[in-house]
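Participant: Before anything else, here's the structure in question.
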Amino acid sequence: MYFVYISGIHNVKIYTYKELRNATEDFSPVNKIGEGGFGSVYKGRLKDGKVAAIKVLSAESRQGVKEFLTEINVISEIQHENLVKLYGCCVEKDNRILVYNYLENNSLSQTLLGGRHHNNIYFDWRTRCRICIGVARGLAFLHEEVRPHIVHRDIKASNILLDKDLTPKISDFGLAKLIPANMTHVSTRVAGTIGYLAPEYAIGGKLTRKADIYSFGVLLVEIISGRCNTSSRLPVEEQFLLERTWELYERKELVGLVDVSLNGEFDAEQASKFLKIGLLCTQESPKLRPSMSSVVKMLTGKMDVDDSKITKPALISDFMDLKVRRSGETTSTDMKNSSLYNTTSTLDNHDTTMSSATATSFANFAVRYDESF
């Protein structure tokens with residue numbers, strides 16, 4: 001029985017499977033609020049009346065009880081204003097379930113980027129800035145203050161949750177050790193979501209904090225522009241957000257990328273600065289990307305953004321034979337039929353996960369990045 005291991009767990013409540021089943025009405029689809037590589041998430045009301053987000057880890061995630069509780073104990077001790085709080089877990093039989101605080105305003109992917117503003121949340125300029133800075137602070141905390149350091153591996157809009165005050169909370173940090181290597185989104189080595197995925201990680205599985213920083217840079221541009229990093233609904237030349245950002249930067253027209261729903265009510269200088277920081281974070285050479293603590297300083301005005309250090313970002317489309325050809329050889333139809341859009345559907349309708357075949361095709365370009373580290 002798992003009870004022999006509980007003495008070493010200090011900050012985590014142990015829930016019974018029956019209690020969590022009752023809280024979610026037998027894990028009813030009606031209460032399902034999310035799904036991803038780690039498992040399904042349900043909204044539930046616990047016995048004490050507290051509303052919680054209950055994450056049922058994938059069936060293939062079956063660590064031993066002792067190992068599982070050891071990892072959970074580590075995660076539970078990581079607390080920060082911009083990280084989701086872990087309440088407890090369930091480890092009965094083959095069940096591996098995590099219980100988190102429930103965040104009222106869901107994720108950025110379902111609100112700001114969802115395209116269906118049914119929740120009537122208006123993300124004004126000040127709110128967007130606060131979200132960008134909050135996520136940066138949370139990630140800097142994981143990268144530089146937690147020991148040992150944590151590389152998230154899957155920073156994206158659906159993993160940024162919002163509380164009642166629209167304070168951002170990073171979810172799914174520290175979960176990498178709770179699933180086997182073959183249960184990742186991309187291949188046996190790489191976890192992540194295309195569009196957010198640093199090419200050197202996708203190509204060779206080289207995971208460093210710089211891969212998270214790349215993902216954050218993409219997210220930063222998404223928040224300012226109010227659009228997803230890839231969209232087949234847009235004109236061909238605008239379907240890849242990072243490419244579009246680079247084009248506008250070269251033309252000194254970055255402000256043109258700012259979300260039109262703001263109706264011009266934003267600080268143009270600050271918007272340009274944030275977008276430049278996004279470009280700094282997504283540069284092709286990982287060595288050139290700033291640390292997250294430096295990103296926080298730039299976002300908060302404590303450090304200047306040096307335009308001379310901005311180089312071309314690493315673009316996934318450069319390695320997918322999907323690069324938009326001005327001669328018209330590649331059409332939007334070609335793109336939609338390609339492996340990039342051969343996706344696994346999730347509740348986050350803008351997320352695009354990469355197939356093993358696509359990941360394999362990246363291997364042909366691995367040499368290019370070997371000298372970037």
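Participant: Looking only at helices (runs of 4 or more DSSP H) that fall completely inside the stretch 188-271, which ones have 2 or more residues that are modelled with pLDDT under 90, closer than 26 Å to R147 by Cβ and more than 14 Å from the chain's Cα centre (by Cα)?
Facilitator: 199-204
Participant: Determine if the stretch 329-344 includes at least one residue that is surrounded by 21 or more Cβ atoms within 10 Å (Cβ to Cβ), outside any loop (DSSP other than H, G, I, E, B) and modelled with pLDDT of 55 or more.
Facilitator: no
Participant: Let me ask something else about it. Among the residues of the stretch 250-276, which ones are under 20 Å from K297 (Cβ atoms), surrounded by 17 or more Cβ atoms within 10 Å (Cβ to Cβ) and in contact (Cβ under 8 Å) with a residue 40 or more places away in the chain?
Facilitator: Residues satisfying the conditions are A271, F274, L275.
Participant: Those residues that are within 30 Å of S231 (Cα to Cα), among the hydroxyl-bearing types (S, T, Y) and not in a loop (DSSP other than H, G, I, E, B), I need them from the stretch 73-128; list them, please.
Facilitator: S107, T127
Participant: OK, next. For the stretch 276-287, indicate whether the set of residues that are in a strand (DSSP E or B), closer than 27 Å to E145 by Cβ and not acidic (D, E) is non-empty.
Facilitator: yes
The values are calculated or read from the model by the stated rules, or taken from the named source; none is laboratory data. On a predicted model such as this, the values are computed, not experimentally measured, just so you know. All Cβ positions, glycine included, derive from the backbone under ideal geometry; neighbour counts span all protein chains shown.
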